[in-house]
Amino acid sequence: MRQPLILMLCAGAAAPAAADQYRMAADNARIECVASKRDLTRISLVNDQFASVSKVATGVPYNDFTVVNEPVRGDIYISVPETYAARTINFFATSKKGYVYKFVCQVAPVEAQQIFLTNPAIAQTKARDWEQETPIQTTAMRLIQAMATQATVEGYEIRQPSTAPVTVGPLSVRLIAEYRGARLIGKSLRIENKGAVPLVLKEAELAPQGTLAVTIARPELAPGEATSAWLVGQGER
């Protein structure tokens, strides 16, 4: 019996070489991250915004870093000069919803960085409310519709992993995005026919047991053609 494609994909996916940083933290938590020493580093809160930042100034411009609180989106932008001597930077940030976070970031000569911070207390409540608006099967189809249109879902963490495609027979399967909520997990896939003959994708072959909903944009694939597929299952939370 053929193993579901999604299981093979998860087993064979490689870790991203360079990806955005995702962190989860509660109130008063210490958050470790990596900040760029030559470009900007952006820190964004999911379902919240930064209201203020606090740091100690060294008094020496060439050996200090700057933290700017951008007021429109509520993000933080960090700039570290190449002359900065310390290996880490640290500062406190307060959100508009009253949460306080301590950031301790290693400084490295890497490209511009993006850090997305999720507070489970906020995200879980919003995700749970969104999921409970309709029965679970209907919610699963709503999540598929959101993934198909690349829409955001309130309270959901959206990841876009830089994983290499996995070859499964004549098919090339790649995980494009993952949506994580309170009870449900959605996966967006790109599937390409690398073989020499036409293929018909079947939903039963695509998803593992326990999947709540599966949708394939175009099941019939000629050689060289690709399609998108979305599936939703229950998470471990």
Filter the range 3-26 down to residues that are of a type outside the set (Gly, Ala, Ser), more than 16 Å from Leu189 (Cβ to Cβ) and assigned to a loop (DSSP other than H, G, I, E, B) and give me whichever is modelled with the highest pLDDT.
Asp20
Go through the range 27-73 residue by residue and tally those that are of a type in the set (Gly, Ala, Ser), surrounded by 11 or more Cβ atoms within 10 Å (Cβ to Cβ) and part of a loop (DSSP other than H, G, I, E, B).
1
Among the candidates Val173, Val107, residue that is part of a strand (DSSP E or B) and farther than 22 Å from Ala217 by Cβ
Val107
Could you tell me whether Ala164 is of a type in the set (A, V, I, L, M, F, W, C), surrounded by 17 or more Cβ atoms within 10 Å (Cβ to Cβ) and either touching a Lys or Arg at 6+ places or on another chain (Cβ under 9 Å) or closer than 30 Å to Gln124 by Cα (or both)?
no
Conditions (1) surrounded by fewer than 19 Cβ atoms within 10 Å (Cβ to Cβ); (2) in contact with a strand residue (DSSP E or B) (Cβ under 9 Å, 6 or more places away or on another chain); (3) closer than 24 Å to Ile158 by Cβ; (4) among the β-branched types (Val, Ile, Thr): number failed by Thr125:
(2)
Out of the residues in the range 27-42 that are among the charged types (D, E, K, R) and more than 19 Å from the chain's Cα centre (by Cα), which is modelled with the lowest pLDDT?
Arg38
Kindly indicate the residue of the range 195-218 that is in contact with a Gly (Cβ under 8 Å, 6 or more places away or on another chain) and under 22 Å from Ala164 (Cα atoms) and also surrounded by the most Cβ atoms within 10 Å (Cβ to Cβ) among those meeting that condition.
Ala207
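The values are calculated or read from the model by the stated rules, or taken from the named source; none is laboratory data. Keep in mind it's a predicted model, so treat the numbers as computed, not measured. With ideal geometry, Cβ positions are generated from the backbone for all residues, glycine too; neighbour counts draw on all protein chains shown.
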